[in-house]
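J.: What follows is a single structure, and I will ask about it in a moment.
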Amino acid sequence: MTKKKPEEPPWRPAKPGELNHALVDRWTFIHLSAGMAMAGLGVSPLGMLFVAVAWETLVEPRLKRRFPEAFLPATQDSFQNSIGDVAANVVGNMLGHRLLAGLKKRR
């Protein structure tokens, strides 16, 4: 009789080839856009760095465990994916500030 493998929870760490494992994935554009939106709200690149790191390390993992059905997929981000997400947020924020500065010059 073979032992049945216990089912993995939906918030398990992402494996190679899965979403939330690579440095860049389909969510990278969302993180870039979020950074731009935060620039529009007046958040500085340094502030965006703090927000993104807090989200990736403190908030998102807990939310994925508590409400896995709200995340597709609910796998935990790999370290490299978290780095990519934070970088995309900060770069998006810097681009957002650059675009805003360009719009202000046109006026």
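J.: Over the chain, with a single point scatterer placed on each C-alpha, what log10 of the ratio I(q)/I(0) does the Debye formula yield at q = 0.15, 0.22, 0.24 1/Å?
T.: -0.66, -1.11, -1.23
J.: Through the Karplus equation 6.51 cos²θ - 1.76 cosθ + 1.60, θ set to phi - 60°, convert the phi angles of region 98-104 into ³J(HN,Hα) values in whole Hz; use x for Gly and Pro.
T.: Going residue by residue, I get 5, 5, 4, 4, x, 5, 5 Hz, with x marking Gly and Pro.
J.: Then there is this: Sorted by packing (mean other beta-carbon atoms within 10 Å per residue), highest first, where do 42-51, 8-17, 74-83 land?
T.: Values: 42-51: 15.4, 8-17: 12.5, 74-83: 18.0.
In descending order of packing, they fall as 74-83, 42-51, 8-17.
J.: Give me, ordered by chain and number, the residues 5 or more places off residue 76 or on other chains with an amide H under 5 Å from its own placed amide H.
T.: So residue 76 has HN proximity to 12, 14.
J.: Next question. Please turn the phi angles of region 85-97 into ³J(HN,Hα) values with the Karplus equation 6.51 cos²θ - 1.76 cosθ + 1.60 (θ = phi - 60°), one per residue in order, whole Hz, x for glycine and proline.
T.: My calculation for region 85-97 gives 5, 5, 4, 5, 4, 5, 4, x, 5, 5, 4, x, 5 Hz in order.
J.: Now, a different point. Treating only the Cβ atoms of Lys and Arg (+1) and Asp and Glu (-1) as charged, compute the dipole magnitude of the chain about its Cα centre; round to the nearest 20 debye.
T.: 260
Each value in this text was obtained by applying a stated rule to the coordinates, not by laboratory testing. As the structure is a computational prediction, the values presented were derived from the model and not from experiment. For neighbour counting, all protein chains shown are included, and Cβ atoms are generated from backbone atoms with ideal geometry for every residue, glycine included.
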